[in-house]
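The values are calculated or read from the model by the stated rules, or taken from the named source; none is laboratory data. No experiment lies behind these values; they were computed from the predicted model shown. Note that each Cβ is placed from the backbone with ideal geometry, even for glycine, and that neighbours are counted across all protein chains shown. Side chains included, ligands, DNA and RNA excluded: accessible areas come from the protein's heavy atoms. Shrake-Rupley method; radii C 1.70, N 1.55, O 1.52, S 1.80 Å.
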Amino acid sequence: MPTTAIASAEVIVTSPGRNFVTLQITTDDGVVGLGDATLNGRELAVAVYLADHVIPLLKGRDAMDIEDTWQYLYRGAYWRRGPVTMAAIAAVDMALWDIKAKVAELPLYQLLGGRSRTGALAYAHASGRDTEELFDSIREHLDLGYRAIRVQTGVPGLDSVYGVAASAGDGAEEGDRYDYEPARRGAGGRARPVEETWDTRAYLRHVPSVFEAVRSEFGAELPLLHDAHHRLTPREAAQLGRSLEPYDLFWLEDCTPAEDPTALRYVRDHTTVPLAIGEVFNSIHDYQTLITERLVDYVRSAVTHTGGITHLKKLADFAAIYGIKTGFHGPTDVSPVGQAAHLHLDLALHNFGIQEHMRHSEATLEVFRTSFRFEDGRLHPGERMGLGVEIDRDAAREHAYDPAYLPVNRLADGTVHDW
Ligand code: EZ4
Ligand code: CO
């Protein structure tokens, strides 16, 4: 057996197109593991938490003891949950799974149970400020090989809406429609959240007509998804769900504010639209009512924001008992390391549902060298040992941290609303 004691751990902050926080753990024998700790808009809080409160506890521990390390960091903190703590624990957990799989000389999915399928069905984000732009975007994604599409559009009367890229493009530049990133950077200066204006009635009037148009143009077969981004009351969400029932959605995501599980009881009682929630959750406990009362159809956590592979696997197994599937959160703020962890789980879990896929920029992929691939609408983690991601430290150093914030939403009278 190699010596698997943890020799060192380092936090790497880099901003190749957008900010990422990565934990790198090295064992006495020189085996290196990576974990994603990126919390969009609050990145440095996790970097400091790791550097000041976690790394000093890691040195000398056996990297093989993943469950014990997880419990030690979770219960040992005393303070429960929270996105900063859980992202820090997630990064340690991912790095230790990466190391364990490298020591075993296997791609990680083999340690998670092996292959349950040939690849993970992926959905992409199509968007347009109007129907014409939206149709172009859907066609471009179909040409790229996607077989499931999230549809977001502008709303007449509103300047900008969540999920709609500011401009069109070919996918190579930041801010184009393949690389939609809501967090705005300060370009080295003082970043401030962009303020958007929201009108629920205008949105509820418009969205069904968009899905009507998309179904008549692209047919009944294509799986379509939609994200309401926590903006509706239970009654409004029920209205939206009902109005979308004729268009056979794959899911309606985050229809109500996620911290109130009882809201979904009302929604469930009034519509049969499939429901997905959880990208802002950080613990299996956030799902307890939702799963046991069968209030959702898909769990949406990201490995980075929900305590890593160990915790996400438990969540998936808990959901499986109730026939609920996974749909892990895969925006560009989940780094290629986090996305690789999703893909290993997606391949292995019996109750995999779908995987969100936002393509990382070329600049990001020059820093993070991945082995995962997209083929025929599906993602595959690849056969490299461990997670299959390497970080180019020299390239990472070329991109200094650049403060960025997610937008803030206000109603016409100035009241802050959910974004
Ligand atoms: O707004 O990842 O489904 N995807 C989403 C994302 C989130 C961002 C927040 O950092 O809702 O676009
Ligand atoms: Co979402």
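Please give the helices (runs of 4 or more DSSP H) falling wholly within the range 12-96 in which 1 or more residues are among the acidic types (D, E) and open to solvent by 10 Å² or more (accessible area, probe 1.4 Å).
In the range 12-96, the matching helices (runs of 4 or more DSSP H) lie at 66-76.
Can you work out which of the residues in the range 307-323 that are touching a helix residue (DSSP H, G or I) at 6+ places or on another chain (Cβ under 6 Å) and among the β-branched types (V, I, T) is farthest from ligand 2 (Cβ to nearest atom)?
Among those that are touching a helix residue (DSSP H, G or I) at 6+ places or on another chain (Cβ under 6 Å) and among the β-branched types (V, I, T), it is T310.
So, in the range 296-316, how many residues would count as being farther than 23 Å from A88 by Cβ and open to solvent by 10 Å² or more (accessible area, probe 1.4 Å)?
Total satisfying the criteria: 2.
Filtering the range 325-339 down to residues that are in contact with a Phe, Trp or Tyr (Cβ under 6 Å, 6 or more places away or on another chain) and open to solvent by less than 10 Å² (accessible area, probe 1.4 Å), which residue is farthest from ligand 2 (Cβ to nearest atom)?
P336
Test V408 against the criterion of being among the β-branched types (V, I, T) and out of contact with any Lys or Arg (no Cβ under 7 Å at 6 or more places or on another chain), and give yes or no.
Yes, satisfied.
Among the listed residues L50, L73, L39, identify the single one that is in contact with a helix residue (DSSP H, G or I) (Cβ under 9 Å, 6 or more places away or on another chain) and within 16 Å of ligand 2 (Cβ to nearest atom).
Residue meeting the stated conditions: L39.
Only one of A213, A238 is open to solvent by less than 60 Å² (accessible area, probe 1.4 Å), touching a residue at least 40 places away in the same chain (Cβ under 8 Å), on the phi < 0 side of the Ramachandran plot and more than 16 Å from ligand 1 (Cβ to nearest atom). Can you tell me which?
None of the other options fit; the residue is A213.
Taking P246 as the residue in question, decide whether it is at negative phi, within 16 Å of ligand 1 (Cβ to nearest atom) and open to solvent by 30 Å² or more (accessible area, probe 1.4 Å).
So P246 fails the test.
When A122 is evaluated against the numbered criteria (1) more than 23 Å from the chain's Cα centre (by Cα); (2) open to solvent by less than 10 Å² (accessible area, probe 1.4 Å), which criterion, by number, is the only one it fails?
Exception for A122: condition (1).
Checking the structure you have, find out if any residue of the range 283-293 is in contact with a helix residue (DSSP H, G or I) (Cβ under 8 Å, 6 or more places away or on another chain) and within 16 Å of ligand 1 (Cβ to nearest atom).
no
So, T415, is that one free of Cβ contacts under 8 Å to residues at least 40 places away in the same chain and open to solvent by less than 80 Å² (accessible area, probe 1.4 Å) or not?
Judged against the criteria, T415 is a match.
Restricting the range 340-364 to residues that are of a type in the set (D, E) and more than 16 Å from ligand 2 (Cβ to nearest atom), which is most open to solvent (accessible area, probe 1.4 Å)?
Top of the filtered list is E362.
So which residues in the range 258-269 are away from ligand 2 (no atom under 13 Å from the Cβ) and either hydrophobic (A, V, I, L, M, F, W, C) or under 12 Å from L232 (Cβ atoms) (or both), if there are any at all?
D260, A263, L264, Y266, V267
Only one of (1) open to solvent by 10 Å² or more (accessible area, probe 1.4 Å); (2) hydrophobic (A, V, I, L, M, F, W, C); (3) within 15 Å of ligand 2 (Cβ to nearest atom) is not met by F218, so which one is it?
In the conditions (1) open to solvent by 10 Å² or more (accessible area, probe 1.4 Å); (2) hydrophobic (A, V, I, L, M, F, W, C); (3) within 15 Å of ligand 2 (Cβ to nearest atom), F218 misses (3) alone.
So in the range 386-399, with the set limited to residues that are open to solvent by 60 Å² or more (accessible area, probe 1.4 Å) and more than 23 Å from the chain's Cα centre (by Cα), which one is farthest from ligand 2 (Cβ to nearest atom)?
The extreme case among them is D394.
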